[in-house]
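Colleague: Below you'll find the structure I mean.
The values are calculated or read from the model by the stated rules, or taken from the named source; none is laboratory data. Computed from a prediction, not measured in an experiment: that's the story for all the values here. No Cβ is skipped: glycine too gets one built from the backbone with ideal geometry, and neighbour counts run over all protein chains shown. The protein model used for the area step is the full one, side chains on, heavy atoms only, and it has no ligands, DNA or RNA in it. Shrake-Rupley method; radii C 1.70, N 1.55, O 1.52, S 1.80 Å.
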Amino acid sequence: MSDAQRMDIATTHEGCIHDVQIDFNGRLLATGGSDGMISIHEVKGEQVSSIAAHNGGVWQVAWAHHRAVGNVSTLASCGEDGRVVVWRDVGGKWEAAYTCPHVHEGGAVAISWAPFEHGCILTSGGADGMVSVIVKQSSGNWEYSSFVAHTGGVTGVSWAPFLSSGTLIQPQVQLQNLTSNKRFVTGGCDGQLRIWSFNNHAMKWETAAMLSEHSRNGVVAIRDVQWASNCGLPFDYIASCADDKCVLVWRQEMPDKAWKHRVAYDSDVTPCRLSWSLAGTILAVSFEDQTVKLLKEDTAGDWKVTSDVQQ
């Protein structure tokens, strides 16, 4: 990246920065640090606020889509203290709008907002192996439910896009069924990925699929999992990385079909975090040696490195 394209932002964190996220309008940038603070900046660099968020490090921050929260800047955080907190900008001052009663023992390590079409829904995962699904009702009240997702701890959580695979090629009469299903994926220390689907009749979350290819030669912890956005094409993608030093991309061609995987990258260094492009076609992978690789699928279905960034 050239100097003309790069801008450094100085924060007030004392220690490591664990997460950085830009809001959906591309205006605000939030960072979470090992000092328990959240720092909020204008993308152009000016700091606008600082939040004493957690007792211990802030592991992740996540912006809510403005259409799910009434056009009020809303940010969620999870931390080493096990708490999951929703913050709102009230007249330029950031206040805690909701703190989930379930405290993840050992730390809350991952959070993910549902697509705004589903409403205001936040999911968290913790070192206690539990997942909490937090919902803001139309009345303005918050409710939550928690359930066991993984033995040994949850390491990642990511929501499926609102448009399910195959939407553009299915008859119009099936469109509502394809888009109304709530799904998210979790990764855990048990080496498994679990896809969860909400059963509208039983009113509970159920396991729709278990994917365990990372642990084919013994149990290894999943490091991160991310569901790619989908513009209605006839497939879904989920990326996962683990302590086996592999990055896998899972593909489902239709909602009722099995998930199939490909090894997108096999490294000598452990991959840590994953991030999809907005179109869901490019996968960024960060590694323990502070390098970043961009991967893209070719016409044969193989994943190739298109860019290698040395940080």
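Colleague: Any idea which of (1) touching a strand residue (DSSP E or B) at 6+ places or on another chain (Cβ under 7 Å); (2) open to solvent by 40 Å² or more (accessible area, probe 1.4 Å) is the one V103 doesn't satisfy?
Modeller: It fails just one condition, (1).
Colleague: What are the pairs with Cβ atoms under 7 angstrom where one residue, in region 248-269, is free of Cβ contacts under 8 Å to residues at least 60 places away in the same chain and under 18 Å from D302 (Cβ atoms) and the other, located anywhere, is of a type in the set (V, I, T) and crowded, with 18+ Cβ neighbours inside 10 Å? Sequence gap at least six, or different chains.
Modeller: W250/I238; H261/V249; R262/V249; A264/V247; A264/V249; Y265/V247; Y265/V285
Colleague: Can you tell me which residue among S112, S73, S139, S77 is in contact (Cβ under 8 Å) with a residue 12 or more places away in the chain, more than 20 Å from A239 (Cα to Cα) and open to solvent by 10 Å² or more (accessible area, probe 1.4 Å)? First the steps, then the outcome.
Modeller: On the way: S112 fails: more than 20 Å from A239 (Cα to Cα); S139 fails: in contact (Cβ under 8 Å) with a residue 12 or more places away in the chain; S77 fails: open to solvent by 10 Å² or more (accessible area, probe 1.4 Å).
Residue meeting the stated conditions: S73.
Colleague: Sort out which residues of region 208-228 are in contact with a Leu (Cβ under 9 Å, 6 or more places away or on another chain) and over 23 Å from W59 (Cβ atoms), and write them in order of number. Give the derivation first.
Modeller: Applying the first criterion (in contact with a Leu (Cβ under 9 Å, 6 or more places away or on another chain)) to region 208-228 yields 209-214, 222-226, 228.
If the condition is that a residue be in contact with a Leu (Cβ under 9 Å, 6 or more places away or on another chain) and over 23 Å from W59 (Cβ atoms), then A209, M210, L211, S212, E213 are the ones that fit.
Colleague: Taking the condition aromatic (F, W, Y), open to solvent by less than 50 Å² (accessible area, probe 1.4 Å) and under 16 Å from the mean Cα position of the chain (by Cα), does W259 pass? Don't jump to the end; show me each part of the working.
Modeller: Working: aromatic (F, W, Y): yes; open to solvent by less than 50 Å² (accessible area, probe 1.4 Å): yes; under 16 Å from the mean Cα position of the chain (by Cα): no.
For W259, the condition - aromatic (F, W, Y), open to solvent by less than 50 Å² (accessible area, probe 1.4 Å) and under 16 Å from the mean Cα position of the chain (by Cα) - is not met.
Colleague: So which pairs qualify, if the first residue must be in region 279-295 and at positive phi, the second must be hydrophobic (A, V, I, L, M, F, W, C), the Cβ gap must be under 8 Å, and the two must be at least 6 apart or on different chains?
Modeller: Going by the 8 Å Cβ cut-off, the qualifying pairs are G280/A228; G280/C231.
Colleague: If you don't mind, another one. Here are some conditions: (1) more than 23 Å from D224 (Cβ to Cβ); (2) open to solvent by less than 60 Å² (accessible area, probe 1.4 Å). K44 meets all but one. Which one does it not meet?
Modeller: (2)
Colleague: Please determine, by comparing only the residues of region 28-50 that are among the β-branched types (V, I, T) and touching a Gly at 6+ places or on another chain (Cβ under 7 Å), which one is farthest from I9 (Cα to Cα).
Modeller: Looking at the filtered set, the residue picked out is I38.
Colleague: Residues in region 269-284: is at least one at pLDDT 95 or above and charged (D, E, K, R)?
Modeller: yes
Colleague: What's the number of the only condition in (1) among the polar types (S, T, N, Q); (2) without any contact (Cβ under 8 Å) to a residue 12 or more places away in the chain; (3) buried (at least 23 other Cβ atoms within 10 Å of the Cβ) that S132 fails to meet?
Modeller: Among (1) among the polar types (S, T, N, Q); (2) without any contact (Cβ under 8 Å) to a residue 12 or more places away in the chain; (3) buried (at least 23 other Cβ atoms within 10 Å of the Cβ), S132 violates only (2).
Colleague: Only residues that are under 26 Å from F162 (Cα atoms) and surrounded by fewer than 17 Cβ atoms within 10 Å (Cβ to Cβ): list them for region 274-298, please. Even if it seems obvious, please write down each step before you answer.
Modeller: Our first condition is that a residue be under 26 Å from F162 (Cα atoms); within region 274-298, this holds for 274-285, 294-298.
S275, S277, L278, A279, T281, I282, L294, K296, D298, listed by residue number.
Colleague: Taking the conditions exactly as written (small (G, A, S), open to solvent by 60 Å² or more (accessible area, probe 1.4 Å) and under 16 Å from the mean Cα position of the chain (by Cα)), does A242 satisfy them or not? Steps first, please.
Modeller: Working: small (G, A, S): yes; open to solvent by 60 Å² or more (accessible area, probe 1.4 Å): no; under 16 Å from the mean Cα position of the chain (by Cα): yes.
When the stated conditions are applied, A242 does not pass them.
Colleague: Being out of contact with any strand residue (DSSP E or B) (no Cβ under 9 Å at 6 or more places or on another chain) and of a type in the set (V, I, T) is the filter here, so list the residues in region 212-230 that pass it.
Modeller: Our first condition is that a residue be out of contact with any strand residue (DSSP E or B) (no Cβ under 9 Å at 6 or more places or on another chain); within region 212-230, this holds for 216-219.
Selection gives V219 alone.
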